1. Could you tell me how many of the residues in the range 261-287 are more than 17 Å from Asn432 (Cβ to Cβ) and touching an Asp or Glu at 6+ places or on another chain (Cβ under 8 Å)?
2. Quick one: would you say Asp310 is in contact with a strand residue (DSSP E or B) (Cβ under 6 Å, 6 or more places away or on another chain), over 30 Å from Ile137 (Cβ atoms) and part of a loop (DSSP other than H, G, I, E, B)?
3. Within the range 260-269, which residues are of a type outside the set (Gly, Ala, Ser) and surrounded by fewer than 24 Cβ atoms within 10 Å (Cβ to Cβ)?
4. Hey, among Thr166, Thr153, which residue is within 16 Å of the ligand (Cβ to nearest atom) and closer than 22 Å to Ala49 by Cα?
5. When the residues of the range 125-144 are narrowed to those that are more than 16 Å from the ligand (Cβ to nearest atom) and not in a strand (DSSP E or B), which ends up nearest to Asp459 (Cα to Cα)?
6. If Ile253 satisfies every condition in (1) in contact (Cβ under 8 Å) with a residue 40 or more places away in the chain; (2) within 15 Å of the ligand (Cβ to nearest atom); (3) closer than 25 Å to Cys279 by Cα but one, which is the exception?
7. Considering only residues that are touching a residue at least 60 places away in the same chain (Cβ under 8 Å), part of a helix (DSSP H, G or I) and among the aliphatic types (A, V, I, L, M), look in the range 415-471 and name the one that is nearest to Cys154 (Cα to Cα).
8. Within the range 187-216, track down each residue that is surrounded by 22 or more Cβ atoms within 10 Å (Cβ to Cβ) and either at positive phi or more than 16 Å from the ligand (Cβ to nearest atom) (or both).
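We did not get these values from a lab; they are worked out from the coordinates using the rules stated. Everything quoted here is computed from the prediction, not taken from an experiment. Cβ sites come from the backbone with ideal geometry, for glycine too, and all protein chains shown count toward neighbours.
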Amino acid sequence: MREYLQFYIDGRWVDPAHPRTAEVVNPATEAVSGTISLGSAADVELAVAAARRAFASWSLTTREQRLDLLRAIQAEYARRQPELGEAITEEMGAPASLANGFHVGLGAGHLQTAIEILKDYRFEEQRGATMIAREPIGVCALITPWNWPMNQTCVKIFPALATGCTMILKPPQLAPYSAQILAEILDAAGVPAGVFNMIQGAGSVIGTALSTHPDVDMVSFTGSEPVGVQISRDAAQTVKRVGLELGGKSPFIVLDDDDLTANVTGATAGMMGNSGQTCSAGSRLLVPAARIDEATAAAAAAADAVSVGDPTGNVAMGPVVSMAQYDIIQDYIGRGLDGGAELVAGGLGRPEGLDRGWFVKPTVFVTTNDTIIAREEIFGPVLVIIGYDDIDHAIEIANDTEFGLAGYVNGRDTELCRAVAKRMRTGWISINGGFDFHAPFGGYKRSGNGREWGEFGFDEYVEIKSMLGYG
Ligand code: NAD
């Protein structure tokens, strides 16, 4: 049983101003796995004041000093990776192999990337007779979701640290453990007092107190669209910068070639990873209409082959994060069935033999792009297959969505893949499985604004200053 009752404020572990706790439930067992404290606005006051004080000196540190600190964090992070993986499995149900692999690895990747970029990041650049400086924006509130907890926190913390900002992290209430360990890592690595602070608690309390706080300069948020809208409203009162990484309903276009079966199989397995709880998941699989039977058979076989069960064991898919998430997904599967979509794998209820835990069947529908299950983000292991007549039609369907976070195109004809990628209205497109820590990540349309990852992630945390008369 875990007990994390203190917050990290001003370089120390401190008790909450007003003691209040909440239980954390293991989604695989439905049993309580631990207790956390829930913070209040009084804790936020202390943390923001500490971050403001620390900004005065941290913002003036040199590139080398920040690199030294990031390297110290890297050593500590490496040492505690197994604990992070275990915590992630326990808090949000990712299978051990995924938690210890990609989950923890994404955090390490963002840290390594921050180190590489900081070495050469242009904090000052003379253009003609003008010196352009990139200066840290100030005190940042970092508000993160539960679905990829290390990815979401690390992609914010390390660029913020590297650019000279100070920060308050508000981790998700559903997945608080890995953030607590990360705070211990930062503490052990010697982050100066007040530079990094962490308060656990409810979004409506801690998140709102941060978004409305006059001494917070920026909010970086990853999460759902309604909360992103609320934060934007709250932050507008004090004209803060707000970075939003929101949801998606991303298209995965499979081209008409000899690799169709393999590509559909890979796309389906990818969709079921992390129980479908990935903002950039390729949840709309677009295949040539003339070969839809072949594609459907491949997707159904791939979904049926996904092993679901105890995430501490050797399975491909664990539970979804909570009962509430389970209910939302079941509701969408029901609406798919009621709306006439053709179910080709999975369906309602838990997989056979799993009576406890929030386990969902890997589910595949064949449908059209105008149905609810093709338009709304389900955030579960539910894939929809949609047929296209030709490439123009595929692109039309791909772009016919309110979202624009990610896109995928797989096929043998590299030139055609690139031409398709150029016409997709999304911020991040993977061609034949391409992946890059330095590639900016963020959404068009209602998937958000701003860009994280790599150098563009640094740009989020700086103000631009022009100093004229440098001739
Ligand atoms: P959520 O929006 O419910 O919560 C995200 C965070 O915001 C949590 O820490 C929560 O406590 C906090 N919060 C809640 N209400 C708040 C308020 N009024 N003010 C300030 N903060 C508040 O999202 P979630 O359920 O944790 O995550 C799932 C959603 O996140 C999905 O929609 C998914 O697509 C999205 N997501 C997007 C990305 C991306 O990079 N675009 C990545 C991961 C998840």
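1. From the range 261-287, those more than 17 Å from Asn432 (Cβ to Cβ) are 272-279, 281, 283-284; that's our starting set.
Subsequent filtering for residues that are touching an Asp or Glu at 6+ places or on another chain (Cβ under 8 Å) retains 279, 283.
Qualifying residue count, the range 261-287: 2.
2. On the way: in contact with a strand residue (DSSP E or B) (Cβ under 6 Å, 6 or more places away or on another chain): no; over 30 Å from Ile137 (Cβ atoms): yes; part of a loop (DSSP other than H, G, I, E, B): yes.
So Asp310 does not fit the description; no.
3. Of all residues in the range 260-269, those of a type outside the set (Gly, Ala, Ser) come to 260-261, 263-265, 268.
The answer is Leu260, Thr261, Thr265.
4. Every option except Thr153 fails the conditions.
5. Ile137
6. Failing condition for Ile253: (2).
7. Taking the range 415-471 first, the residues touching a residue at least 60 places away in the same chain (Cβ under 8 Å) are 416-417, 420, 424, 426, 428, 433, 437-438, 441-443, 446-450, 452-455, 457-471.
In the following step, the residues that additionally are part of a helix (DSSP H, G or I) were identified as 416-417, 420, 446-447, 454-455, 457-459.
Subsequent filtering for residues that are among the aliphatic types (A, V, I, L, M) retains 416, 420.
On the way: Leu416: 35, Val420: 32 Å.
Here the residue is Val420.
8. First, pick out the residues of the range 187-216 that are surrounded by 22 or more Cβ atoms within 10 Å (Cβ to Cβ): 191, 194-201, 206-207, 209-211, 213, 216.
Once the filter is applied, which keeps residues that are surrounded by 22 or more Cβ atoms within 10 Å (Cβ to Cβ) and either at positive phi or more than 16 Å from the ligand (Cβ to nearest atom) (or both), the range 187-216 yields Val191, Gly194, Val195, Phe196, Gly201.
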